[in-house]
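Q: Structure below; questions to follow.
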Amino acid sequence: MNKYLEQIIELSDYDKEIGVFEPKIEEQKAKLEVFLSSANELKSKIEEINTQMEAIKTKKSKANIHLGELKDKLDDAAKKYSEVNNEKELKALQIQEEVAKDQIAFANEELNRFDKSFEIKEEELKEVQEHLDKEEEDIKEIQIAVDEKIEELNKQRHEVDIQRAKLLEVIDGKILTFYQKIKRWAGQSAVVEVKKQACYGCYMKINDKIFLEVKKAEEIATCPHCGRILYVKAESEEK
Ligand SMILES: [Zn+2]
């Protein structure tokens with residue numbers, strides 16, 4: 001095979017390899033991101049429950065103050081019995097007492113309701129907290145695995161960079177420019193294989209004459225349809 005063609009194929013392979021590192025690293029980060037966003041959702045849920053619990057507490061203390069006032073009213077009514085002068089006053093006092101008792105009963109019921117909903121919230125909080133703890137444990141493990149994977153990918157990328165730099169030192173300048181020109185529009189597919197006598201860049205069939213040239217690989221051949229650099233892997237692999 002033509003030496004320049006070999007170099008271009010090698011360079012194109014390095015460029016392709018380098019091109020996949022970034023998406024692979026992003027993929028790793030995305031994996032972690034899924035767990036992090038799930039943990040964040042749980043954290044805001046906890047915040048929400050805490051706010052609800054605070055609101056219940058506030059309502060409860062207001063209800064307690066109100067209950068105290070009602071009890072005072074009842075005590076006052078009890079004290080007034082000695083001052084009663086007639087039946088009418090007695091009746092009024094009894095009504096006052098009854099109303100206060102009803103109100104106390106209602107306030108107590110309300111307090112019970114608050115206690116119950118507070119308990120429910122406590123239970124809910126416990127569950128969400130447990131879920132979050134578990135999620136955070138997982139995140140720690142995944143973080144380690146992801147960091148390791150990214151480090152490994154960076155190491156691999158660095159190695160490819162070194163190989164590529166070495167090649168750039170020896171590659172013919174004109175050939176490099178030629179390749180870069182095609183790469184500008186063709187991206188990672190500047191150098192493509194010919195399979196089944198078709199260019200694997202544009203998937204058009206190439207004529208017998210060019211196909212023969214590509215197979216010989218004495219010169220750098222380009223696709224007559226799209227202009228990409230063509231090569232055939234090995235005689236045995238080509239069908
Ligand atoms: Zn083509």
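The values are calculated or read from the model by the stated rules, or taken from the named source; none is laboratory data. Note that the structure is a prediction, hence the values are computed from the model and not measured. Quick reminder, even Gly has a Cβ in these numbers, built from the backbone with ideal geometry, and neighbours come from all protein chains shown.
Q: In segment 207-224, which residue that is farther than 13 Å from Val192 by Cα and aliphatic (A, V, I, L, M) is nearest to the ligand (Cβ to nearest atom)?
A: Once the filter is applied, the top-ranked residue is Ile210.
Residue-by-condition table, conditions (1) closer than 30 Å to Glu127 by Cα; (2) surrounded by 14 or more Cβ atoms within 10 Å (Cβ to Cβ); (3) not hydroxyl-bearing (Ser, Thr, Tyr):
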residue: Val34; (1), (2), (3): yes, no, yes
residue: Gly68; (1), (2), (3): no, no, yes
residue: Asp75; (1), (2), (3): no, no, yes
residue: Ser82; (1), (2), (3): no, no, no
residue: Ile95; (1), (2), (3): no, no, yes
residue: Ala100; (1), (2), (3): no, yes, yes
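Q: Suppose the filter is at pLDDT 95 or above, surrounded by 11 or more Cβ atoms within 10 Å (Cβ to Cβ) and more than 34 Å from the chain's Cα centre (by Cα); does Leu125 pass it?
A: no
Q: Looking at (1) more than 14 Å from the ligand (Cβ to nearest atom); (2) surrounded by 12 or more Cβ atoms within 10 Å (Cβ to Cβ), which is the one condition that is false for His158?
A: (2)
Q: Still on this model: Which of the residues belonging to segment 137-155 are closer than 20 Å to Phe35 by Cα and surrounded by 15 or more Cβ atoms within 10 Å (Cβ to Cβ)?
A: Matches in segment 137-155: Ile139, Ile142, Val146, Lys149, Ile150.
Q: Report yes if Ala198 is within 16 Å of the ligand (Cβ to nearest atom) and under 27 Å from Val20 (Cα atoms), otherwise no.
A: When the stated conditions are applied, Ala198 passes them.
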